[in-house]
Amino acid sequence: MSNDTSRTGTDGVDRDARAAAFDDEPDHGLRDPSVRAAWDGRLRTWPPRRAGDVLGCGTGSLSLLAAEQGHRVAGVDRSAAMVALAREKPAGRDAVFLVGDAAAPPVGEQRYDAVLVRHVLWTLPEPGGALRHWRGLLRPGGRRVLVEGVWGTVSPVGIPADPLTALLAPLAGQVRVERLSREAALWGREVDDERYAVVAVPD
């Protein structure tokens with residue numbers, strides 16, 4: 001998923017303008033078979049192992065990996081261009097993509113077994129509010145899977161793992177942090193900044 005219904009969020013990025021080149025990044029488009037395989041392996045350990053309903057988005061690369069693993073996928077992004085790219089990818093898989101606000105997805109009474117977001121939370125004006133809302137979208141035992149990090153050295157952006165786990169602490173019974181910076185296969189190259197995944201399961 002990604003930020004709100006405007007084209008430009010609090011991160012200052014015009015996602016409609018960025019959409020055409022978004023999947024060029026190895027970890028976004030997952031076009032390299034080895035990068036795709038690395039994410040596929042990780043994704044098999046994050047949502048519940050049984051087939052279920054997963055809420056995600058962006059250009060849909062991780063969402064469609066989840067669909068290939070047997071999950072039913074819904075995706076939400078504020079950028080119509082991002083959603084259009086996601087809709088081009090399903091090729092018969094069980095997936096639907098909507099334009100909307102990631103912090104409050106327009107999914108009505110639907111509930112999910114996992115909310116899967118990557119590089120999203122740091123762009124939201126009220127990340128704590130989004131985490132609370134996503135908890136309300138989960139079925140009993142459902143999980144929030146948050147892939148985040150801090151990028152850049154001169155003017156770093158992102159959210160470190162410690163503040164994120166502090167936000168989650170009162171909202172989840174179990175919080176697991178997986179450090180991903182040394183997992184070069186996930187990024188298509190070596191990285192030296194902070195990258196991680198948090199898996200949170202409510203009480």
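The values are calculated or read from the model by the stated rules, or taken from the named source; none is laboratory data. This one's a predicted model, so the numbers in the text were calculated from it and none came from an experiment. We place every Cβ from the backbone using ideal geometry, glycine too, and count neighbours over all the protein chains shown. Just so you know, the surface numbers come from the protein's heavy atoms only, side chains and all, with ligands and any DNA or RNA stripped out. Shrake-Rupley method; radii C 1.70, N 1.55, O 1.52, S 1.80 Å.
A few notes on this one:
- Each peptide among 139-145, 100-106, 176-182, 62-68 gets the average number of other Cβ atoms lying within 10 Å of its residues, and from highest to lowest they stand as 62-68, 100-106, 139-145, 176-182.
- Farthest toward positive dipole pole in segment 142-203 [+1 Lys/Arg, -1 Asp/Glu at C-beta], among Trp187, Pro156, Gln174: Gln174
- Accessible solvent surface per residue of segment 45-120, calculated while the other protein chains remain in place, 1.4 angstrom probe, Å²: 36 Å²
- Under 5 Å between amide hydrogens, built in the peptide plane, is the criterion, and for Val73 it picks out Val54, Ala95, Val96 among residues at least 5 positions away or on other chains.
- Distance from the alpha carbon centroid of segment 48-113 to that of segment 131-203 works out to 19 angstrom.
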